[in-house]
1. On average, how many beta carbons from a partner chain sit within 10 Å of the beta carbon of a residue in B:359-369?
2. At 0.36 nm per residue, minus the direct Cα-Cα distance, what do residue B:364 and residue B:155 gain on full extension? Give it in nm, one decimal, please.
3. Using label points projected 7 Å from each Cα along Cα→Cβ, tell me how many nm separate residue B:71 and residue B:279, to one decimal.
4. What is the Cα centroid distance between region B:177-192 and region B:364-398, reported in whole angstrom?
5. Evaluate peptide B:397-408: per residue, the Cβ atoms of other protein chains within 10 Å of its Cβ; return the mean as an integer.
6. Which parts of region B:371-411 would a label at residue B:424 reach, counting a residue when its backbone N lies under 12 Å from a point 7 Å out along Cα-to-Cβ?
7. Starting from the Cα of residue B:391, step 7 Å along the direction of its Cβ; do the same at residue B:300; then give the gap between the two resulting points in nm.
8. What distance in nm separates the simple spin-label points at residue A:11 and residue B:431, each placed 7 Å from Cα in the Cβ direction?
């Protein structure tokens, strides 16, 4: 089984493309907001994206310390 | 009899009820007069007056109790037991963990996660530890559990009892007896003691469990009398339970700790002030409410009668990971908004509400859809035919005309693949037929 992944923005798509260089899981690159990936990778992908987005957010609490 | 009902809605319900009673042969209609079935009438009177052997209102004990307890004590007891359950749900360490029956029920009803089935052979303490270990010290409250916390106490008790009914069957308990006892409890009088001697084995077992929820009080196990608490006596009445709000309950539990001052005390539900800069002030001293807030607010300072905190991306994300939705958080904040906040419209600052929603959306930036991809169509017609067929079924996820790619959902896969296969075989047959025709024509042209 395979999955199409739909993001609401192309920035997430670029992150996915970057991650793809580590482990090849993209089957078909559809357009700016869609990629077709292996279903078994979706959870891992979600965690990875979450982590990357987390690194790139400004944290007011930590900044004040 | 029609005068008993107001409006047409009530009348319709009345007619439906009468219809059912008639089919049950309880009522018979004769020239606009209703007559009640004689046997039913007799038993009904019996039940209403509490006569006969059925004991519909419980058997009051005839001798005075040496260890009589008053209503205040019962309220205190009920509050303590019930809050212990709620405390456990939000993960505070206050008080001892509730007994195994409660934990089982919490697990089975899906209010909390944690091996409800695996705990059968463990005692209560082990079980609580077991549940605690699964989430590094805090047993997980589920999406459903949070919803449960938001409801008023009467609904909570009913939800609990309904869940109990569901599990009762698997515990080999007679549903009828359990139900009878529930309704009987609802009609008991607060502050009176009742004899447990007339109860059946099932009901005695039930009494033990209800004791753990704080619905009834028994001085010691096997005591011949029990007291219904306020939780029990308000079961069947529509009036809100006095213990209804947690802040009220806190007042009962710790009468000295709270002075009636400020407008927040008049309005039991309103104690939260939310500012546009994400700071939150909650006028409460109830550990339970503070624990609930702690689920999604980063608490900073705690004073005798209030706590302050700030809603941050991390605090909301923590809640989201537990399965609590943004809408639930917003609803909680709105329903518990301070009286001063209620004067404004909208009640909560828009920035905060929007930001909470945005944080939730951020978590779901990836939307996976299980689907099948069709590509490398040989001819444009094949692709267009397949696309048209799939869109008629409404299963297209994504398609591209130029690259001849179409994505269909998993449900549509079988139908679409079948269609494409048929289309291609038909095309091949046609081609073969054409070739045969051509050959024949060639043959014809060669012949003369």
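Derivation of every value follows stated rules applied to the coordinates shown; laboratory data play no part. Please read all numbers here as calculations on a predicted model, not as lab measurements. Note that each Cβ is placed from the backbone with ideal geometry, even for glycine, and that neighbours are counted across all protein chains shown.
1. What the average comes to for B:359-369 is 5.
2. Net length gain for the segment: 72.0 nm.
3. 4.3 nm
4. 61 Å
5. Details: counts 6, 7, 1, 3, 0, 0, 3, 0, 4, 0, 8, 1.
Mean number of neighbouring Cβ atoms from other chains: 3.
6. B:374-379, B:382-383
7. With each label point 7 Å from Cα toward Cβ, the separation is 5.5 nm.
8. Going by the 7 Å Cα→Cβ label model, 4.9 nm.
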